[in-house]
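**Student:** Okay, here's the structure, questions in a sec.
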Amino acid sequence: MKLIKISEDKYYEYKIQAMFDCYKWDPQFCDSNTLSKYVLILTKEENEEIIKLTESLDKETRLAEEYLNKNMKIAKKLALPRKIIEQIPNMQDYDKTQNIRLMRYDFHPSVDNNWVVTEVNSDCPGGFAESSLLPDIARKTIDMPELEYTSFGEKMVKAINNQLNNRGTIMMVHCTCFSDDRQVMQYLGDRLEKEGYKIIYGAADHINFKEKKAYCILENNQVSIDLIFRFTPLEWLIQMKPRRWDGYFNTTTKSCNHPISIYAQSKRFPFVWKDLEKAGIRMKTWQNLLPETLEVKDLGLKKGFIYKPVYGRVGERISIQEACKDDEYERILQDVKKHPKQYLAQKRFQSKPLKSEEGKEYHICIGSYTIEGEHAGYYARMSPYPRIDSYAEDIPVLIEK
């Protein structure tokens, strides 16, 4: 695994292409650039190892969530939001053959030359265009056309075609006030329009449900929906008013992702593994790759642990002190003390940084997608600190033959 720098004289054009050809509309967070000047190169062996581990993790995760969906007593250990617990009985008719299951597993290289997986983005993983279009312009920019990559977008289109037979209406459900969310949906929507689908962009409350079927209620688009592609996180969805969101849990309309995704999205997922093992569902790959994870109340005097929010995203509120800005670290500790059940404690691993040609060190997170159990490409980010948060930079992944 290595970094190759995009030369200064080519980076500006590369960034313009990313913005206008790869849906990277705003490559900044606050005053920080979020489009890396580097390309990440994996060896063939590293790629094959990550794929094998990813698909093994996915098999365990899918078996686990289907079991949890039928065993509410155990699922309650995940401390799901009350409104979602109330909906578990409505998910009993979940049919995995009628839905598309999408996940992304976060891999980090460690100093002992092993892979560490810190979480699975089980509910609403993003990075679609960055993993589908950016690698191609990157290999052209660094003049290494022999390098390979897997396009997430093409894998997703294939999965949707398998469900809908290349016809129908797809609703791209997202938080319409965020351009970051829209660019994710716009890329996939434009690609699906080329397949002949009718694409509607809307918010979660732009769908109504009648007799368990989904209908768009937007003016001039009041039609039945054949597939819901949801990019609104469930913990946000259940705050929606009026209360139409409960229809998402028992609809017979096909979806990606179905709310069954909430079980593994909870960072408390490891707390049900013993129950799963008793039921005959082995979690061996997860146990080998995830750092030791404890309830905050069980941490005691143990050293070397960090705090993570149960439903945190993009690295928010993770207590890695050197990565925190201003008084963020102290505020996290205060919040943990005030709301211990909203956090967990996880053994801190030593991330192995990659060194650039100039000698700078960067920490890498490689998000490995699965669609219906099969590896579906990478979305990677890098940071000068061992926390991958909103300030981290997107970096395309290419693979040696």
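**Student:** Report, in cubic angstrom per residue, the convex hull volume of the C-alpha atoms of segment 250-356.
**Tutor:** Taking the convex hull of the Cα positions in segment 250-356, it is 188 Å³ per residue.
**Student:** Which percent, to the nearest 5, of DSSP beta bridges fully inside the chain are antiparallel?
**Tutor:** Given both bridge residues lie in the chain, the antiparallel proportion sits at roughly 75 percent.
**Student:** Taking every pair of alpha-carbon atoms in segment 50-199, give the share separated by more than 23 Å as a whole percent.
**Tutor:** 54
**Student:** Roughly how many whole Å is it from the C-alpha centroid of segment 135-149 to that of segment 13-61?
**Tutor:** Measuring centre to centre over Cα atoms gives 13 Å.
**Student:** Amide H neighbours of residue 257 under 5 Å, counting only residues 5+ apart in sequence or on other chains, H built in-plane at 1.01 Å?
**Tutor:** Under 5 Å from the amide H of residue 257: 230.
**Student:** Using amide H atoms built 1.01 Å from N in the peptide plane, name the residues 5+ places from residue 116, or on other chains, whose amide H lies under 5 Å from its own.
**Tutor:** Sorted by chain and number, the residues that satisfy this are 108, 110.
**Student:** Tally Lys/Arg at +1 and Asp/Glu at -1 over every other residue whose Cβ is under 11 Å from the Cβ of residue 315; what's the total?
**Tutor:** +1
**Student:** Please list 3J(HN,Hα) in residue order for segment 37-46, calculated via the Karplus relation 6.51 cos²θ - 1.76 cosθ + 1.60 where θ = phi - 60°; whole Hz, with x for glycine and proline.
**Tutor:** 8, 10, 10, 8, 10, 9, 6, 4, 5, 4
**Student:** Among 275-288, 104-117, how do they line up by average Cβ neighbours within 10 Å per residue, starting with the highest?
**Tutor:** Answer by packing, highest mean first, reads 104-117, 275-288.
**Student:** Mind checking which of 122, 201, 111 is farthest towards the positive end of the chain's charge dipole, using Cβ charges of +1 (Lys, Arg) and -1 (Asp, Glu) about the Cα centre?
**Tutor:** 122
**Student:** Another question, then. Whole-Hz Karplus ³J(HN,Hα) for segment 335-343, in order, using 6.51 cos²θ - 1.76 cosθ + 1.60 and θ = phi - 60°, x for Gly and Pro?
**Tutor:** Once rounded to whole Hz, the list reads 5, 4, 5, 7, 10, x, 6, 8, 10.
**Student:** Please state the shape class of segment 197-256: rounded when a/c is under 1.5, otherwise prolate if a/b exceeds b/c and oblate if not, all from the C-alpha gyration tensor.
**Tutor:** Rounded shape, in that the Cα axes give a/c under 1.5.
**Student:** Ok, one more. Sort 127-136, 306-315, 174-183 by the packing proxy (mean of other Cβ within 10 Å over each peptide's residues), most packed first.
**Tutor:** Working: 127-136: 24.7, 306-315: 19.0, 174-183: 15.9.
Put in order of decreasing packing, that is 127-136, 306-315, 174-183.
**Student:** So, in nm, how far is label residue 59 from label residue 205 when the simple model puts each one 7 Å beyond its Cα toward the Cβ?
**Tutor:** About 4.4 nm, to one decimal.
**Student:** Please sort 50-60, 195-205 by packing, taking for each peptide the average over its residues of neighbouring beta carbons within 10 angstrom, highest first.
**Tutor:** 50-60, 195-205
**Student:** If amide H atoms are built 1.01 Å from N in the plane of the peptide, which residues on other chains or at least 5 residues away come under 5 Å of the amide H of residue 344?
**Tutor:** For residue 344, the qualifying residues are 308, 310.
**Student:** What number in nm² do you get for the chain if you take the convex hull of its Cα atoms and divide its surface by four?
**Tutor:** So the mean shadow area of the Cα hull is 20.0 nm².
**Student:** Between residue 241 and residue 301, what length comes free when the chain is fully extended (0.36 nm per residue of separation minus the Cα-Cα distance, one decimal in nm)?
**Tutor:** 17.2 nm
**Student:** Can you compute the charge dipole magnitude of the chain about its Cα centre, using +1 on each Lys and Arg Cβ and -1 on each Asp and Glu Cβ, nothing else charged? Give it in debye, rounded to the nearest 20. Intermediate values should be presented prior to the final figure.
**Tutor:** Details: 61 positive and 60 negative charges, 337 e Å.
Here the size comes out at about 1620 debye.
**Student:** For segment 292-347, build the convex hull from the C-alpha positions and give me its volume per residue in Å³.
**Tutor:** 80
**Student:** Calculate for the chain the 222 nm mean residue ellipticity that helices alone would give, adding -39,500 (n - 2.57) per DSSP H run of length 4 or more and normalising by residue count, nearest 500 deg cm²/dmol.
**Tutor:** -8500 deg cm²/dmol
**Student:** Determine the relative contact order of segment 292-347: mean sequence separation of Cα pairs under 8 Å and six or more apart, normalised by residue count, in whole percent.
**Tutor:** 57
**Student:** Let's see if you can work this out: charge +1 on each Lys and Arg Cβ, -1 on each Asp and Glu Cβ, no other charges. What is the dipole magnitude of segment 282-350 about its Cα centre, in debye to the nearest 20?
**Tutor:** Numbers: 15 positive and 10 negative charges, 79 e Å.
Result for segment 282-350 is approximately 380 debye, rounded to the nearest 20.
**Student:** Give a residue-ordered list of calculated ³J(HN,Hα) values for segment 91-99 (Karplus: 6.51 cos²θ - 1.76 cosθ + 1.60, θ = phi - 60°; whole Hz; x for Gly, Pro).
**Tutor:** 9, 5, 8, 3, 10, 5, 6, 9, 9
**Student:** Whole angstrom only: what separates the Cα centroid of segment 67-128 from the Cα centroid of segment 209-285?
**Tutor:** If you average the Cα positions of each part, the centres end up 10 Å apart.
Throughout, read-outs are computed from the coordinates displayed, never taken from laboratory work. Since the structure is predicted, the reported quantities are computational estimates derived from the model, not experimental observations. Counting neighbours? That spans all protein chains shown, and the Cβs are built from the backbone with ideal geometry, glycine included.
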